[in-house]
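The values are calculated or read from the model by the stated rules, or taken from the named source; none is laboratory data. Every value quoted in this text rests on a predicted model; they were computed, and no experiment measured them. Reconstructed Cβ throughout: ideal geometry from the backbone, glycine too, with neighbour counts over all protein chains shown. Heads up: the accessible areas ignore ligands, DNA and RNA and are worked out on the full protein's heavy atoms, side chains in. Shrake-Rupley method; radii C 1.70, N 1.55, O 1.52, S 1.80 Å.
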Amino acid sequence: MMRKLCYFPSPIGLLQIGEEAGNITEISIVTEKRNIEAETPLLWKAREQLAEYFVGKRQGFTLPIAPKGTDFQKEVWQALREIPYGETRSYQDVARAVGNSLAARAVGSANHKNPILLLIPCHRVVAKNGGLGGFACGLAKKKFLLHLEQKYTKRG
């Protein structure tokens, strides 16, 4: 099955959205469009939901996803999807949620390899001391996303 791609200019950068077999398999930040865009109903819906998210009209996504990774990574990514909009959890909280309280570093590694930004909200995971921790796309983007969600959570 061939992957179809589209692009979405967002406040955190140009997002590349990938679809395979009727599932979103990628949302990543890229510097330029590298492939020919595809128009599919799912990619159109993904762009529409992302636009709603960035203006505070959407707090959850209803898109089918199929992230590629190890079983542990998929378990972590599922736990991340359960963190409510506008809230954060520590790496250790997520490690506990997947049944291994000693796996905080492994959770951080799984976050770093998250193939579907925003739909799998790795930006909601912070250090135990309240610090931002890391973010594969840069801490400024993580801070932006956390502030965005807190702003619209307070309003709602």
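Summary table below
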| item | result |
| --- | --- |
| Sole residue being open to solvent by 90 Å² or more (accessible area, probe 1.4 Å) and either over 22 Å from A136 (Cβ atoms) or of a type in the set (K, R) (or both), chosen from R3, R89 | R3 |
| Enumeration of residues in the range 40-55 that are among the small types (G, A, S) and either open to solvent by 10 Å² or more (accessible area, probe 1.4 Å) or over 16 Å from the mean Cα position of the chain (by Cα) (or both) | A51 |
| Filter pass, K151 being open to solvent by 50 Å² or more (accessible area, probe 1.4 Å), closer than 23 Å to A46 by Cα, of a type in the set (D, E, K, R) and in contact with a strand residue (DSSP E or B) (Cβ under 9 Å, 6 or more places away or on another chain) | no |
| Residues of the range 12-23 that turn out to be of a type outside the set (V, I, T), without any contact (Cβ under 8 Å) to a residue 60 or more places away in the chain and surrounded by 14 or more Cβ atoms within 10 Å (Cβ to Cβ), as a count | 6 |
| Hits in the range 118-144 - residues which are assigned to a helix (DSSP H, G or I), open to solvent by less than 20 Å² (accessible area, probe 1.4 Å) and either farther than 26 Å from K45 by Cβ or in contact with a Phe, Trp or Tyr (Cβ under 7 Å, 6 or more places away or on another chain) (or both) | H123, K142 |
| Unique residue being at pLDDT 95 or above and either in contact with a helix residue (DSSP H, G or I) (Cβ under 9 Å, 6 or more places away or on another chain) or open to solvent by 20 Å² or more (accessible area, probe 1.4 Å) (or both) when the list is E37, E26 | E26 |
| Pair list, Cβ under 7 Å, 6 or more apart: the range 52-71 residue without any contact (Cβ under 8 Å) to a residue 40 or more places away in the chain and closer than 29 Å to K151 by Cα, other residue open to solvent by less than 60 Å² (accessible area, probe 1.4 Å) and in a loop (DSSP other than H, G, I, E, B) | E52/R58; G60/Y85 |
